[in-house]
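Notes follow the structure.
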Amino acid sequence: MSYMKLALGSAAGLAMMAGAALAEPALMYDLGGKFDKSFNEAAYNGAKRWAEETGNSYREIEVTAEAQRVQFATRLAEGGFNPIVVLGFQNAATLEEVAPKYPDTTFALVDMVVDLPNVRSIVFTEHEGSYLVGMLAAMASESGTVGFIGGMDVPLIRHFACGYAQGAKAVNPDINVIANMTGTTPAAWNDPVKGGELTKAQISQGADVVYAAAGGTGVGVLQAAADADILSIGVDSNQNHLHPGKVLTSMLKRVDNAVFNAFNDGPEMETGVHVMGLADDGVGYALDDNNASLITDEMKAAVDEARAKIIAGDLTVTSYYDNDSCPALEF
């Protein structure tokens, strides 16, 4: 069934499908578009991989407006899909409303915690992965100024920025870290034009490496950086290929694995809070043929040493969530 058919199908039609769909999982994308080359697309890649490896099918639906969140999650539950993976912190409220009404349906929420018996809450240590790419940014910078461009100004994105600034300052305590957010509404996740404008503004302030944690907006950041012949850093998915030789690295957030694992575990999956971090490659940095010439052996060794120390507990990266503030960056 196509997304359009699912989105427009009547409740009666979905109910008729329930018997055939009981063992079929579903994926509900967040705002920003399925092919945002970042967060949503990482989830799509995980679902696609699951389908290819198992030979099974799944349903997917794209949220394009706030009012659709509860409506679409309800339709999937009514349709008998199980488990249902829902993307994005803003859907915490969605599941708090929908999940209790369908106790026999198992849900997985990516990026926020919902304390319900039939919900798996999947969160990531984004600050630790961002620390590593912050180190790389500082080592690659020639100007002593690096930038960060977030999407919607929310604690989650400040969490990214805080780790990035700490990593950069671990390499160069005097480095200047410029941080801007794209906006304060969900539209900030899909505004590549604004992303490009913010990048140009940061370049005018001396930034020669800019990290984007902004969903589809980040495509504009990476493009503007490439056009200006400076380096960028991608996020969530491996975005090195978008501008080979111009993307220093990407902070990988393995949303694909989160979706794959949820689908694979099925309706009987373990619920509760699941944290994905450096130790299980839930976060990390991307190194491939597209950026190999930008990452020296010394840079790689330094970052890999820091990664090992964080995993071992010998290096602590402060979380923005600890005190709703960041010791290395003022917002």
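Worth a mention:
- Any hit, the range 89-104, residues being crowded, with 21+ Cβ neighbours inside 10 Å, closer than 16 Å to PRO186 by Cα, outside the structural domain of ASN190 (by TED's automatic domain parsing) and not hydroxyl-bearing (Ser, Thr, Tyr): yes
- One residue stands out among those in the range 269-302 that are within 21 Å of the chain's Cα centre (by Cα) and outside any loop (DSSP other than H, G, I, E, B): the one that is surrounded by the most Cβ atoms within 10 Å (Cβ to Cβ), which is VAL283.
- Some residue of the range 184-205 being at positive phi and either among the charged types (D, E, K, R) or not assigned by TED's automatic domain parsing to the domain that holds ASN40 (or both): no
- Whichever residue in the range 51-65 is within 26 Å of ALA213 (Cα to Cα) and touching a residue at least 40 places away in the same chain (Cβ under 8 Å) and, among such residues, is nearest to the chain's Cα centre (by Cα): GLU62
- Only one of the listed residues (LEU31, LEU6) is of a type in the set (A, V, I, L, M, F, W, C), modelled with pLDDT of 70 or more and either in a loop (DSSP other than H, G, I, E, B) or closer than 12 Å to GLU62 by Cβ (or both). That residue is LEU31.
- With respect to the stated conditions, ILE149 fails to be within 30 Å of GLY196 (Cβ to Cβ), out of contact with any helix residue (DSSP H, G or I) (no Cβ under 8 Å at 6 or more places or on another chain) and aliphatic (A, V, I, L, M).
- The set of residues in the range 237-252 being surrounded by fewer than 24 Cβ atoms within 10 Å (Cβ to Cβ) and part of a helix (DSSP H, G or I) consists of HIS241, LEU242.
The values are calculated or read from the model by the stated rules, or taken from the named source; none is laboratory data. Model, not experiment: these values are computed from the prediction. Backbone-built Cβ (ideal geometry, glycine too); neighbour counts: all protein chains shown.
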